[in-house]
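Take a look at the structure set out below.
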Amino acid sequence: ALPTGAWRSVGASNNAFAVECFVDELAVAARRDPVDYRLSLLEDAPRHRAALQLAAAKAGWGTPLGAGRGRGVAVYQSFGGVVAQVAEVDTTGGSIRVLRVTCAIDCGLAVLPDAVCAQMEGAIAFGLSAALHETIRVEAGRVVQASFRDYPLLTLPEMPQVEVYILPSTAPPGGVGEPGVPVIAPAVANAVFAACGQRLRRLPLRLA
């Protein structure tokens with residue numbers, strides 16, 4: 001019974017987190033590589049497959065990482081755009097540090113490629129801030145958080161290296177302002193599991 005306002009990517013962020021984290025759990029249960037498992041489910045979704053394959057290739061999927069590091073992947077379609085992201089994280093310090101995010105988008109015809117890249121970078125920063133920090137608590141009918149002191153946002157030192165790749169397409173132009181948000185949280189959560197074996201199912205993401 002609380003009033004709500006606009007949220008970048010609205011319900012797609014919740015849905016992508018639930019779906020893409022669960023698909024990762026299915027891949028583990030099937031003893032399959034998370035990228036290969038997704039590709040096997042996407043035989044009739046060429047745009048998803050292409051975005052996933054491009055992001056995985058550019059991220060160096062399958063190459064070894066140091067102890068306490070891992071890669072996670074997610075792919076999701078929303079607002080006319082298909083986005084795949086691979087997040088690389090470090091959990092050695094007892095917290096989640098996102099080092100690199102590789103993003104591939106099929107947004108149809110990219111009229112302004114620089115704007116597409118900027119939107120993906122902004123979406124990753126926005127979604128990562130929510131995934132790692134932002135939470136609202138309600139007590140006695142009131143929101144507890146009042147300022148940046150108790151509602152922290154992602155800081156500049158926490159911002160990972162971001163690479164954006166646009167798939168060539170002749171399809172009609174689709175959305176770019178929101179499709180980059182839903183995939184970052186599940187990609188990071190799946191990377192945490194790969195790094196240290198903890199399966200995180202709640203937001204914001206916290207190591208036990």
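The values are calculated or read from the model by the stated rules, or taken from the named source; none is laboratory data. Since we're looking at a predicted model, the values are computed, not measured. Cβ atoms come from the backbone with ideal geometry, glycine included; neighbour counts cover every protein chain shown. The accessibility values were calculated without ligands, DNA or RNA, using every heavy atom of the protein model including side chains. Shrake-Rupley method; radii C 1.70, N 1.55, O 1.52, S 1.80 Å.
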Gain in span if fully extended, residue 171 to residue 115, counting 0.36 nm per residue against the direct Cα distance: 18.4 nm
Express as a percent, rounded to the nearest 5, the fraction of DSSP beta bridges in the chain (both residues included) that run antiparallel. 80 percent
Would you kindly find the accessible area of residue 20, with a 1.4 Å probe and non-protein molecules such as ligands, DNA and RNA excluded, rounding to the nearest 10 Å²? 10 Å²
Most fluctuating residue of 182, 157, 173 in a GNM of the chain with Cα springs under 10 Å: which is it? 157
Expressed in nm to one decimal, what extension gain is obtained for the pair residue 45 and residue 138 from 0.36 nm per residue of sequence separation less their Cα-Cα distance? 29.4 nm
Of 12, 185, 74, which has the largest mean-square fluctuation in a 10 Å C-alpha GNM of the chain? 12
Considering Cα pairs under 8 angstrom that are at least six residues apart, work out the relative contact order of region 79-175 and quote it in whole percent. 42 percent
Listed residues 97, 47, 137; largest mean-square fluctuation, Gaussian network over the chain with Cα springs below 10 Å, found at 137
Using the Cβ atoms and a cut-off under 12 Å, what net charge is assigned to the surroundings of residue 167, where Lys and Arg are +1 and Asp and Glu are -1? +2
Pair residue 19, residue 99: separation of 7 Å Cα→Cβ label points (nm): 3.0 nm
When only Cα pairs under 8 Å and 6 or more residues apart are kept, what is the percent relative contact order across the chain? 30 percent
